[in-house]
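Here's the structure, in C-alpha cells; my notes come after.
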Amino acid sequence: MTNIAFTAPHFKATEAGMGILRNGGSAVDAMVAAAAAIAVHYPHMNSLGGDGFWLIQREGEAPVAIDAAGCAAAAIDPQSAPPSRGAGAAFTSAGTVGGWQAARDYIGQFTELQPLQALFAEARRGCDEGIEVTESLVAALRKCAAEGCEDIQQLYYPDGKLPAVGARLRNPNLGALFERLATEGLDSFYRGSLAEEMAAALETAGSPLRATDFHDYRAELQIPLSVETSLAQLFNLGAPTQGVASLLILAIYDQLYQEDWDELQRVHHLIEATKQAFLVRDREVADPVSLSDQWEQLLQPEHIRQLAANIRADCARPWGKVAEPGDTVWMGALDRDGTLVSFIQSVYWEFGSGVVLPELGLVWNNRGLGFSRDPASRNFVAPGKKPFHTLNPAMANFGDGGRAAYGTMGGEGQPQTQAAVFARRFYQGLPLADAIAEGRWLLGRTWGETSMDLKMEQALYERIGPQLAAMGHEIRPVPQHIEMMGHAGGIYIDASGRVECATDPRSDGLALCETLD
C-alpha cells in the first residue's frame, strides 16, 4: 500500500503540493510548490522575503534539518533601536529561497527533481489571475493600515480601498519574480542579477542590507535536536529556534504523565511544562555561535527530571514574562517513496516589516525584531548573527515504526499547540483531526495580541477554566476556534502504513491523503 498526503493552512497550497505528488514528485518538490503557492495566497503570513525551516525524513533513515534563517546585515548598528515596521526593521536577509534550494539539493541525491516551472505553476497563476481574499488577510491588512504600512496598502488596496472578503487581488510583479527564478535558478535570489536588484531596492528604501549580505548567505543542512520519551523519539530544529522548548514540554509531560489523569490534570501539566521549557528557552536560545556550555545538557534525562520536579499537580506557577509574537505557515507532505517533510515559513509579524520591493511585488521580513537589545544577552544583535526564531517544525518516530510530522503557526503558541496536538493524539488516542480541532489554550502572546495571561477557547474554558483559576492560573476565555490559537496540521503514518492527515478548522486549509495503485 502506497500513500501520498499533504496538509496546509490554505487549500491552494495543498492542491499545489498534491499535484506534484500525484505526478510522481518528491515530498520536497511538493513542499516547494506549496511554499511558493502559499506565499501568494497567504501573503500576510509568509513571503519569499522571509525565512524557513525543514525536517526531511526518508523512510528508514534519521531526519535531516535545514536552517534557512536569515542573518543580520553586516552594516547593522548593534546600538540602534530598530522600529517594528519600515526599512529600519528590514535588516535580516531572507533565507526561505535558500532553504528551497538546500532541500532540493539534498533530495536530488535520491530522486529526480521536478522543473521549477512546474513547481511555480500555482504561484504564478495566483499572481496573474488573482487570489481570493480571506478573512485572515483582511484582518491583517486592517492592522497594517492602522500601523501606517503604506507599501502594503499600495500593493494590496485596489483603488485605495481595503479589499472585501471574497474579492480578488493580483500581484503580477511577484508572478514575474517566480518566472525569473524558474528561468535563472533559485541561486539567482542570492548571487544573480535578481539579488543585485533586491539589494538596490532595499538600500533605496533605507534598509542596511546590501548585495554582500545576499552573496554571503547559505541555508544550512543540520542534524536536528531530538529527545526520547516513553512513546517516541521526537525531533525538532536546534538554535536559533525554540525547537528545544517544544521538545522539553513533551519530555517533561512524559516524565509526569499518569494514565488516570482527567482533562484538567492533562491541560494543567502541559501548561506548567510550558512555563519550565520557556524559562530554559529564554535563557539559552541564540545564534549557534553564542550558545552556552549547558546547551548539550538541556535535553538530557537528568535536566528533564529537574524541570519536572518544579511542577506541582495542585498549583500553578506565577507567570508574567514578556512573550513573542509571530506569523507563520506550517505544512506537511508524504510522498510515494515514504519521504516525510515537516516545513515552516514566515515573515515574523503579519506582512513582516511592511517593506515592499515594488518592482518585484515582494514583502520583506522583520525577523530582526527577535534579537535582544541587551548587550548581556546571548541573543544580542550583531552583524551576521541569526535572531531568535519562534519557528519550529516537528517530527516523531514511534517505537512500533510509526512516524508523524506536525506543527503550527502562532509565535509562542507553536510549542504549546504542538504539545496539545501530540498529547491528545498519542497519549489520549484521539483521532488526529479531533486532536487539532479540540479547544486550545495560549500562555503568553501570539500574533496580534499583547496580553501575557492564559487564554483558552470557550468550550474548553467552560469545562475546566474555573478549576484552573482555582489552581492559580490567570485565565480568560476567548472565542472558539479563534485564529490566535494558530493553524495546526499533521500527518501520521502508523506501523501498518495507514495514514491520517488533518488540518485546522481555524484556517483556510485542506488535508488530502490518497492511496496509489
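The values are calculated or read from the model by the stated rules, or taken from the named source; none is laboratory data. The structure presented is a predicted model; accordingly, all values stated were derived computationally and were not measured. Counting neighbours? That spans all protein chains shown, and the Cβs are built from the backbone with ideal geometry, glycine included. Note: accessible area is taken over every heavy atom of the protein model, side chains too, but ligands, DNA and RNA are not part of it. Shrake-Rupley method; radii C 1.70, N 1.55, O 1.52, S 1.80 Å.
Total residues in the range 191-210 satisfying the condition of being more than 14 Å from L362 (Cβ to Cβ) and either among the hydrophobic types (A, V, I, L, M, F, W, C) or in contact with a helix residue (DSSP H, G or I) (Cβ under 7 Å, 6 or more places away or on another chain) (or both): the figure is 5.
Among the residues here, G95 does not qualify as within 23 Å of W349 (Cβ to Cβ), open to solvent by less than 50 Å² (accessible area, probe 1.4 Å) and more than 20 Å from the chain's Cα centre (by Cα). Within the range 322-345, the residues that satisfy the criterion of being modelled with pLDDT of 95 or more and either buried (at least 24 other Cβ atoms within 10 Å of the Cβ) or not in a loop (DSSP other than H, G, I, E, B) (or both) are W330, M331, G332, A333, L334, D335, L340, V341, S342, F343, I344, Q345.
Residues are listed down the side, and each one gets a yes or a no for (1) out of contact with any strand residue (DSSP E or B) (no Cβ under 9 Å at 6 or more places or on another chain); (2) within 30 Å of A146 (Cα to Cα):
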position	(1), (2)
L48	no, yes
F53	no, no
P82	yes, yes
A87	no, yes
S93	no, yes
Q114	yes, no
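If only residues of the range 374-420 that are part of a helix (DSSP H, G or I) and of a type in the set (A, V, I, L, M, F, W, C) are counted, the one that is farthest from the chain's Cα centre (by Cα) is A420. Of the residues making up the range 119-133, those that are in contact (Cβ under 8 Å) with a residue 60 or more places away in the chain and open to solvent by less than 10 Å² (accessible area, probe 1.4 Å) are L119, F120, A123, G126, C127, I131. If the condition is being buried (at least 19 other Cβ atoms within 10 Å of the Cβ) and in a loop (DSSP other than H, G, I, E, B), then the range 473-484 contributes only H473. Restricting attention to the range 275-299 and to residues that are under 17 Å from I249 (Cα atoms), touching a residue at least 60 places away in the same chain (Cβ under 8 Å) and assigned to a loop (DSSP other than H, G, I, E, B), the residue that is farthest from the chain's Cα centre (by Cα) turns out to be L299.
So N379 clears everything in (1) closer than 28 Å to L202 by Cβ; (2) touching a His at 6+ places or on another chain (Cβ under 9 Å); (3) not charged (D, E, K, R) except one condition, right? Which one? That leaves (2) as the condition not met. A count restricted to the range 485-506 and to residues that are within 16 Å of the chain's Cα centre (by Cα) and open to solvent by 20 Å² or more (accessible area, probe 1.4 Å) stands at 1.
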